[in-house]
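Peer 1: Mind having a look at this structure? Questions to follow.
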Amino acid sequence: MKQLLSNDIVALRALEPTDLDTLYRWENDTALWSVSDTIAPYSREALWHYLEYYTGDIYAQRQLRLMITTPTDGSPVGTVDFLNFDPLNNRAELGLFIASEFRGKGLGRQALELLTAYARDHIGLRQLYVFIAIDNEVCLRLFEDFGYSRAGTLKSWVKRGNTYRDVALMQMIF
């Protein structure tokens, strides 16, 4: 039987209270803040409340976050997010994070395949979109290779230090 949210390489699952330490480490890694728009650290208590009250109901919370794991032992390797879910227009922004020690192994692409099928076939989305800094060539290439098309460039969209960077708006329409 084919599983909706797993394949031989990765699995997507709901967040669990046991993810607290992993999320705490990832959310407070200042090297990642430039791609996540984070400007301050998260406390364990804040993340605990997030996990405690997070329902995973994309219609109620307008977002859905799933943990990317290895199917063999369930080790977390990253997260995927539907953000800014718009049920009227059947679209959502997509966020993808792979922990640095797992990058370059095709896990992001595998997670994208599962997430895209889930978005299209289960949630009924018509499109997904992402914002990617122009200088993030690896991420741009991943989404282009996966079939996302560049819909435009947002000039001086994100501030990094004392400079502003352009961002590509990319989308996939099913």
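Peer 1: Only one residue in G78, G147, G56, G124 is touching a residue at least 40 places away in the same chain (Cβ under 8 Å), small (G, A, S) and out of contact with any Asp or Glu (no Cβ under 9 Å at 6 or more places or on another chain), so which one is that? Talk me through it step by step, then tell me what you get.
Peer 2: Details: G78 fails: touching a residue at least 40 places away in the same chain (Cβ under 8 Å); G147 fails: touching a residue at least 40 places away in the same chain (Cβ under 8 Å); G124 fails: touching a residue at least 40 places away in the same chain (Cβ under 8 Å).
Step by step, each of G78, G147, G56, G124 is checked, and only G56 is touching a residue at least 40 places away in the same chain (Cβ under 8 Å), small (G, A, S) and out of contact with any Asp or Glu (no Cβ under 9 Å at 6 or more places or on another chain).
Peer 1: Can you tell me which residue among L112, L32, L94, L107 is surrounded by 14 or more Cβ atoms within 10 Å (Cβ to Cβ), closer than 30 Å to N162 by Cβ and modelled with pLDDT of 95 or more? Let's see the steps before the verdict.
Peer 2: On the way: L112 fails: closer than 30 Å to N162 by Cβ; L32 fails: modelled with pLDDT of 95 or more; L107 fails: closer than 30 Å to N162 by Cβ.
Being surrounded by 14 or more Cβ atoms within 10 Å (Cβ to Cβ), closer than 30 Å to N162 by Cβ and modelled with pLDDT of 95 or more holds for just one of L112, L32, L94, L107, which is L94.
Yes/no per residue for (1) at pLDDT 95 or above; (2) among the acidic types (D, E); (3) under 26 Å from I58 (Cβ atoms); (4) within 17 Å of the chain's Cα centre (by Cα):
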position: V130; (1), (2), (3), (4): yes, no, yes, yes
position: V138; (1), (2), (3), (4): no, no, no, yes
position: G147; (1), (2), (3), (4): yes, no, yes, yes
position: D166; (1), (2), (3), (4): yes, yes, no, no
position: I173; (1), (2), (3), (4): yes, no, yes, no
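Peer 1: Hey, can you tell me all the residues within region 160-174 that are exposed (fewer than 12 other Cβ atoms within 10 Å of the Cβ) and either part of a strand (DSSP E or B) or in contact (Cβ under 8 Å) with a residue 24 or more places away in the chain (or both)? Quick ask: steps written out before the conclusion?
Peer 2: Just the residues of region 160-174 that are exposed (fewer than 12 other Cβ atoms within 10 Å of the Cβ), to begin with: 161-163.
Within region 160-174, T163 is the sole residue that qualifies.
Peer 1: Right, here's the next one. Has region 117-129 got at least one residue that is surrounded by fewer than 19 Cβ atoms within 10 Å (Cβ to Cβ) and small (G, A, S)? Spell out how you get there, then give the answer.
Peer 2: From region 117-129, those surrounded by fewer than 19 Cβ atoms within 10 Å (Cβ to Cβ) are 117-118, 120-124, 126-127, 129; that's our starting set.
The next check asks that each one be small (G, A, S); those that pass are 117, 124.
Yes, there is a match, as at least one residue in region 117-129 is surrounded by fewer than 19 Cβ atoms within 10 Å (Cβ to Cβ) and small (G, A, S).
Peer 1: Looking only at residues that are farther than 19 Å from T38 by Cα and of a type in the set (F, W, Y) in region 130-159, which one is surrounded by the fewest Cβ atoms within 10 Å (Cβ to Cβ)? Steps first, answer last, please.
Peer 2: Restricting attention to region 130-159, the residues satisfying the condition of being farther than 19 Å from T38 by Cα are 137-138, 140-155.
Subsequent filtering for residues that are of a type in the set (F, W, Y) retains 143, 146, 148.
Working: F143: 25, F146: 14, Y148: 24.
Result: F146.
The values are calculated or read from the model by the stated rules, or taken from the named source; none is laboratory data. Bear in mind that the values here come from a model prediction, so they are computed numbers and not experimental data. Glycine gets a Cβ as well: all are built from the backbone with ideal geometry, and neighbour counts include every protein chain shown.
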